[in-house]
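The values are calculated or read from the model by the stated rules, or taken from the named source; none is laboratory data. Source: prediction; values computed, not measured. Every residue, glycine as well, gets a Cβ built from its backbone with ideal geometry; the counts of neighbours run over all protein chains shown. Calculation scope for accessible area: heavy atoms of the full protein, side chains included, ligands and nucleic acids excluded. Shrake-Rupley method; radii C 1.70, N 1.55, O 1.52, S 1.80 Å.
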Amino acid sequence: MWIFGLLTTIAVVWALAYWGAGTGLWIAAFAGGLAVFTVGTEITWYVATPVWLVSTALVLLLGVPRIRQRYVTAPLFRQFRKVMPPMSQTEQEALDAGSVWWDAELFTGKPDWQRLLNMPRPHLSDDEQAFLDNETTTLCQLLDDWRITHDDRDLPPEAWQYIKDHGFFGLIIPEEYGGKGYSALAHSEVVMKLASRSITAAVTVMVPNSLGPGKLLMHYGTRQQKQYYLPRLARGEEIPCFALTGPDAGSDAGAIPDHGQVCYGDWDGERVLGVRLNWDKRYITLGPVCTLLGLAFKLYDPDHLLGDVEDLGVTLALVPRDTPGVTIGDRHVPLDIPFQNGPNQGQDVFVPMSQLIGGAEFVGQGWRMLVECLAEGRGISLPALSVGAGKTASRYTGAYAAIRRQFNQPIGRFEGIEEPLARIAALTYQMDAARTLTLGALDIGEKPSVISAIVKYHLTEKYRQCINDAMDIQGGSGICLGPSNLIGRAYQAIPIAITVEGANILTRSMIIFGQGAVRCHPWVLKEFQAAQNPDRRRGLQDFDHAVFGHVGFVLGNIARSLFLGLTRGRFSAAPVDGPTRRYFQQMHWMSAAFALSADVAMMTLGGSLKRKERLSARLGDVLSELYLTSAVLKRFEDQGRKESDLPLVRWACEKSLYQMQESLRLLFRNLPHRPLAWLLQAVVFPSGRPYTAPRDRVDHDAAQVLLKPGAARDRLTAGIFTTDDPSYRQGVIERAFAHAVKVTPIERTLRDARRAGLLTAASYDELLSEAQREGVITPQDADALRLMETLRRDVIMVDSFAQYGKQYALNPTQAKKPAIYAV
């Protein structure tokens, strides 16, 4: 009997925790259980009475808010305020910036999948699609990337003028100010298409539309600033840059030494109140050609001309290039990707208060302004560039693997090639899914700072993986630069994407989970806010609500993690049936495991967790993979559950689940409190660790998407620059790829005949002649195979140059080839 009672008690406690029961239900269940125990057993009155008295005291102590706050919460509150980790102004402003969205759902341990699937899929307007089809395509046709990167070290003048004349610098500026007023999706699509043709052009266009004066003015500018500068920026009359990074302040932008002092000075012949600035900046994109500098600096008011506060904090200003004291330095050379980038300095540069972005109202709020804009821009530009590179590798390296032959068959048929091809295809699918989901959030008004950090880090890292794999597949044709090489410059540009807008090491180890743990957790931020509340009584009440809500949250995730771990998610709800149902269920399990692990790490390590950067990074990895897999599953649903996309979905989901498992394993292995780590592992993985890297068969199926024409390949690579024109390298590859598919059955017939001993000729031409004589193939078949050899040779040939001093000229024999855009 007692065993039955024990099991019943465990089941009731588990159910209450799993479903997140409120205080009333817990008390009712406790009282009911105690009553059943008293009546249903032979317990004596002198034992039952103390039990009831103690139980009543516990219920009063924990169930009555006033009593609980006085005797339980107040001591916890005092201790929490003592041990609460200090938070710098920079950290506080980063936490206050932006918004939380699906990342908060993932932190709950029980995501509402239907909410995700109900989110409308972003789409382009007719005007946006026309701009992509016409102006953006025309700009791509104006670009010769070899000439840009090797000869001119700049965009050609006609491209610069086209960019200005057709509003590429004003994609995000509202129409009322002469801009395009395009969505985040359209902005991303433009950058992605340009990146597939020329990274230099993509960076040139994306920077003014990302973190720069235009974005800042739209959000924070005064009416006069918007009316004057936004039309000029939209028309390309002003070329903007934003000067943030300096020699002594990169990622730690709050430590910038550049400074300004409030004072009086001369401006346009008048004596006005303003700021005298001194700065030294570097790595400033468009800096060498800019006409308008956005500038971040620390503002001081020693003479108290604005008020009693002397150190006013980070502030932003607009400084015309021709202002006395401004020095524009020479150009940096970022790995031979020659977008305009360089240092600039200012010495005793005076600007009036009207040049401060937002005017006096936004003095000292510069860091928050930057982080909020970065939360948007970081989720658009670099992810678009990364996806453009992934799609280019998918389309053209995949085609190369189908065209290039070794050992009498296309190299794409080798299992050793299938593995990197599968990675390229599936990671590109995953990247594009995450890009699109994030853009959808931005276009409905969200500013998801944590998610923007996730996509910046992971999409640039997957860009690195895709291009490295493409290099491995293409071998010599990948490493020999020239007009024929579509991936060489993308390979060179990888460290640039990794470094800018928050270096990836910092983003992974400090930002993703560091911000996410506080911003996205349902209770942690409330506990911090309560502890910081100057109204001690109100703070205690809020802390009481938050801390006991947090306790219930932890109990719920313990129950969920254990049950889902035992069943491997099989009995959890899923929003769909069909081939992805199990992935939703397993994601439910991983979400609960992540939420519990995050809480255990935060509760046991406290403020020291942010110094345990590798532990923080692993938790961030799990959160990131949860988001990326959510994006993959939503994309599959949004695109109508295309069966031909399933190989990519399976690969991406299996890889992410394995990554989550391994990140948690390494987290548990390195938690300093070992018994707790063992217990946590037992709760999260009670039936063992089930996940492995994608199986060989999954690799094979994913690789096949790239090795033959089809709707899946076209969906995967949609949005990049493509053409059938053989004067472009892309056109040469497309023509050869299409013909390779046509001749595959003929080549198979020829190969079978050789294996059967019907054909013995050594050279290829003799083999074709013999095959015709023996009736193995028709004359038309032989002509098709000869054409294929010509096309194949055009694809596999690489550029060579005649050397004249330090200049290289394309070999004249190659310049005649229609496959190569002449230099």
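What to note about this one:
- Relative contact order (%) - criterion: Cα under 8 Å, at least six apart; region: the chain: 15
- Residues of the chain: accessible area per residue with a 1.4 Å probe, Å²: 43
- Judged by a Cβ-Cβ distance under 4.7 Å, the unpaired cysteines of the chain are C140, C263, C373, C466, C480, C520, C653.
- Averaging the sequence gap over all C-alpha pairs within less than 8 Å and six or more residues apart, then dividing by the number of residues, gives the range 241-317 a relative contact order of 35 percent.
- Phi-based couplings in Hz for the range 548-558 (Karplus 6.51, -1.76, 1.60; Gly and Pro marked x): 7, x, 5, 4, x, 4, 5, 4, x, 6, 4
- Candidate aspartates and glutamates for bridging to K82, where Cα separation is under 18 Å - those fewer than 8 sequence places away on the same chain excluded: E527, D535, D542, D544
- Other-chain or far-sequence residues with amide H under 5 Å of L316's (modelled H): I357, G364, G366
- Packing order of peptides 121-132, 233-244, highest average first: 233-244, 121-132 (average count of other Cβ atoms within 10 Å over each peptide's residues).
- Relative to the current alpha-carbon distance between Q409 and L335, full extension at 0.36 nm per residue lengthens the span by 23.0 nm.
- Applying 1/(1 + (r/R0)^6) with r as the Cβ-Cβ distance of S608 and R538 and R0 = 41 angstrom yields a FRET efficiency of 0.90.
- Taking 0.36 nm per residue of separation and subtracting the Cα-Cα distance, full extension of the segment from Q141 to R121 would add 4.2 nm.
- Mean Cβ neighbour count within 10 Å, used as a protection proxy, ranking 451-460, 757-766, 647-656 highest first: 451-460, 647-656, 757-766
- Listed values for the range 769-776 are Karplus-derived 3J(HN,Hα) couplings in whole Hz (6.51 cos²θ - 1.76 cosθ + 1.60, θ = phi - 60°), namely 5, 5, 5, 5, 4, 7, x, 6, and x replaces Gly and Pro.
- Distant-in-sequence amide H partners of F350 (H built 1.01 Å from N, under 5 Å): L277
- Other-chain or far-sequence residues with amide H under 5 Å of Y283's (modelled H): G342
- Global form of the range 542-607, assessed from the alpha-carbon gyration tensor, a/c cut-off 1.5: prolate
- Sequentially through the range 563-575, phi angles give Karplus couplings (6.51, -1.76, 1.60; θ = phi - 60°) of 5, 5, x, 5, 9, 6, x, 5, 9, 7, 6, 10, x Hz, Gly and Pro residues having no value and appearing as x.
- Were the residues from L273 through R641 laid out at 0.36 nm apart, the gain over their Cα-Cα distance would be 126.3 nm.
- Under 24 Å of direct C-alpha separation, and excluding same-chain neighbours fewer than eight residues apart, K655 reaches these lysines: K110, K391, K456, K462, K634, K642, K708.
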